[in-house]
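Before any comments, here is the structure.
The values are calculated or read from the model by the stated rules, or taken from the named source; none is laboratory data. Bear in mind that the values here come from a model prediction, so they are computed numbers and not experimental data. Glycine gets a Cβ as well: all are built from the backbone with ideal geometry, and neighbour counts include every protein chain shown. Each accessible area value is taken on the protein alone, full model and side chains, heavy atoms only, with ligands, DNA and RNA left out. Shrake-Rupley method; radii C 1.70, N 1.55, O 1.52, S 1.80 Å.
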Amino acid sequence: TIAPIAPQLLSLPVATFSAQIKVAGFAETGSKVTVYVNSQARGEVVTDSNGGFEVDKVGLAAGKNGVWAAAIDQAGNKSQDAAVVYVDMDDIKPELTLESPTDQTTTAASNIEIKGKVSEPEAEVTVNGRFVPVSAGGSFAVKISLNPGENKLNIKARDRAGNEAMRELTVKREE
């Protein structure tokens with residue numbers, strides 16, 4: 001008898017802040033699929049009539065996790081392992097430090113430079129929803145136009161796992 005083909009996993013996140021993910025894919029119809037994380041079996045399910053399978057609440061460890069699956073058909077033949085997919089479990093928010101301006105700053109200028117640093121240089125930084133370039137060292141600087149009166153500035157850093165750090169400042173422009 002012939003071993004089933006290796007299961008095909010559906011797309012998994014590169015990174016997540018969740019300690020559990022759903023692993024789904026396709027394998028031979030009626031085969032038993034075992035999902036592994038870092039060489040430990042984390043769930044077993046029999047494929048449906050279309051060969052689909054889904055294992056909910058597959059536990060991840062902090063850091064890099066190798067996820068794959070193998071199938072055993074009804075005759076007991078074991079497939080090759082599916083290609084390993086790496087998922088980074090990161091539940092730590094990036095640190096967001098603002099160098100300038102300080103909260104409640106008052107200025108006559110029509111714009112102000114926001115300078116700061118984020119602990120994870122690959123994090124996305126936005127100021128009032130606008131993306132700001134981040135250097136390899138994690139620093140950023142951007143000029144923002146100010147309206148007369150109070151201006152709320154919302155600075156966010158979001159890492160690739162989705163963890164967010166946020167700071168809010170109010171800058172007053174006097175004419």
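Scan (1) in contact (Cβ under 8 Å) with a residue 40 or more places away in the chain; (2) at positive phi; (3) crowded, with 16+ Cβ neighbours inside 10 Å for the single condition Gly30 breaks and write down its number.
The number of the failed condition is (3).
Where in segment 36-81 are the strands (runs of 3 or more DSSP E), entirely inside, with at least 3 residues that are touching a residue at least 40 places away in the same chain (Cβ under 8 Å) and either more than 21 Å from the chain's Cα centre (by Cα) or surrounded by 12 or more Cβ atoms within 10 Å (Cβ to Cβ) (or both)?
63-72
Go through Ser79, Ser100 for me and flag whichever is hydroxyl-bearing (Ser, Thr, Tyr) and more than 30 Å from Glu44 (Cα to Cα).
Just a single option satisfies the conditions, and that option is Ser100.
Restricting attention to segment 12-27, report how many residues are outside any strand (DSSP E or B), farther than 11 Å from Val87 by Cβ and open to solvent by 80 Å² or more (accessible area, probe 1.4 Å).
Residues flagged as outside any strand (DSSP E or B), farther than 11 Å from Val87 by Cβ and open to solvent by 80 Å² or more (accessible area, probe 1.4 Å) within segment 12-27 amount to 1.
Listed residues Leu98, Leu153; which is in a strand (DSSP E or B), of a type in the set (A, V, I, L, M), more than 30 Å from Phe26 (Cβ to Cβ) and open to solvent by less than 20 Å² (accessible area, probe 1.4 Å)?
Leu153
Sort out which residues of segment 110-150 are within 17 Å of Glu175 (Cα to Cα) and either surrounded by fewer than 12 Cβ atoms within 10 Å (Cβ to Cβ) or not aliphatic (A, V, I, L, M) (or both), and write them in order of number.
Once the filter is applied, which keeps residues that are within 17 Å of Glu175 (Cα to Cα) and either surrounded by fewer than 12 Cβ atoms within 10 Å (Cβ to Cβ) or not aliphatic (A, V, I, L, M) (or both), segment 110-150 yields Ser110, Asn111, Ser145, Asn147, Pro148, Gly149, Glu150.
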